[in-house]
Every structure is written in structure tokens, then in C-alpha cells.
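Reviewing the structure listed below.
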Amino acid sequence: MAEAFSAADFGNSTKRRLPICFCLDTSGSMLGNPIKQLNMGLQNFVASIKANDDTKSATDIAIITFGSSVEIVLPFGKINNEGLPEISASTTLTPIGEGILTALELLNARKEGYKDMGIKYYQPWLVVITDGAPQGPNAMANMELAIKACNELEKDDKLVIFNIGVGSATDFDILKRLSTKRDEPISINSGDFG
């Protein structure tokens, strides 16, 4: 997956970069309160980055959603003062594995772009927010591939994973397998992210 990447993205900056890819569930089970919690969590996460000038200037973010298909909602770029897109849920499938694999491709392309330009970077972050288990054609097989890839990258200290469950019906068993370093997935409920 090729990403448009040029020196103009960075100007004269040699600051170490932090690539963060959000991989967000837009399946039908996210309708209602779960998608509201997801949007609130995303807004709060980005607001905390913006609150620190050093972090804000070092962070590049991308947003991927997965529902009936995987979509790149926001390609990699610096955090700006414009608001984030509102994420909505409307489909029935949950191709979480495909979403994660796409996110890993984007993160790798970003790292390679940094290397090509001589820009140092921190370990990339993958932030997965979902309420369920994989559903759809080849969904479990792709999820197993995604788990294996995440575990290998995390073991080699090449990725930091935030596996986050939203809603009261989250399948934490499969979500837990994404990270070998985090004892339990993070849980968002209205009290935590309100």
C-alpha cells in the first residue's frame, strides 16, 4: 500500500515523529451508545495529544474504520486545529482483522517514509477500538493473521498496541489476544470516557 509522502509534510523539522493509527469498528453492533463512546474516546485521546505542544508537533495520525469494508477515513498527517471526522456505525459485519492488517500496512509505510527522509520516530501506536468479534467472509482467518502480526511486532518492540473494548457486550477474549504486553484490554464505558 503506497502512501503519498514528501518532505513538504515536515518542512525543516527533524523532530522525532510518533505515528498513531486508529482502527475503529463501525459495525451494526456499534449503533447507539457504543459509537458515541468511541467518538468521545477518540476526541479525548486527540485532545490530550493537542494539550502538549511537543506531543502535538511530533504526532502523525491516521484513522481507519472497519464495517462492511475497511476504509481509510483520515490518511496520515499532523494533528491540526480542525475537528476530527464524526465516526458513524451502520453495517452488520465486523472485519476487524482486515482493518488491523490495513492499519499495520499504513504504519509500516509511514515508518519507511520516515527512514527514507532520515526522520527518527518512536514506536508506532495502533489503537483498536471495537465491541465485538470478527464477522464476515474470512473474518476469523484474517483476525488470526492480524493477531500473529501484532504479537510479533510487539515482541520485537516495533509496535505499541492499545486494544480497547467499548460497550457492555465486548468480546474481550479475542481483543486480549492482540497484545502480549497488556494484561487486559482497556474498557471504555460511559463513566470512563465521559
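A few notes on this one:
- If only residues of the range 16-57 that are closer than 19 Å to Thr92 by Cα and hydroxyl-bearing (Ser, Thr, Tyr) are counted, the one that is modelled with the lowest pLDDT is Ser29.
- The lone criterion from (1) within 23 Å of Lys50 (Cβ to Cβ); (2) without any contact (Cβ under 8 Å) to a residue 12 or more places away in the chain; (3) of a type outside the set (Gly, Ala, Ser) left unmet by Asp156 is number (1).
- Filter result for Gly167 (touching a strand residue (DSSP E or B) at 6+ places or on another chain (Cβ under 9 Å) and of a type outside the set (Asp, Glu)): yes
- Per the conditions (1) open to solvent by less than 20 Å² (accessible area, probe 1.4 Å); (2) modelled with pLDDT of 90 or more, the sole criterion not satisfied by Thr180 is (1).
- So Ala8, is it open to solvent by 70 Å² or more (accessible area, probe 1.4 Å) and either at pLDDT 90 or above or closer than 23 Å to Lys120 by Cα (or both): yes
- Test: residue in the range 86-105 that is small (Gly, Ala, Ser), over 23 Å from Glu144 (Cα atoms) and touching a helix residue (DSSP H, G or I) at 6+ places or on another chain (Cβ under 6 Å): yes
- Pairs, first over 16 Å from Ser68 (Cα atoms) in the range 97-119, second assigned to a helix (DSSP H, G or I) and open to solvent by 10 Å² or more (accessible area, probe 1.4 Å), C-beta under 6 Å, six or more apart: Leu104/Ala149
The values are calculated or read from the model by the stated rules, or taken from the named source; none is laboratory data. These numbers come from a predicted model, not from an experiment. Backbone-built Cβ (ideal geometry, glycine too); neighbour counts: all protein chains shown. Heads up: the accessible areas ignore ligands, DNA and RNA and are worked out on the full protein's heavy atoms, side chains in. Shrake-Rupley method; radii C 1.70, N 1.55, O 1.52, S 1.80 Å.
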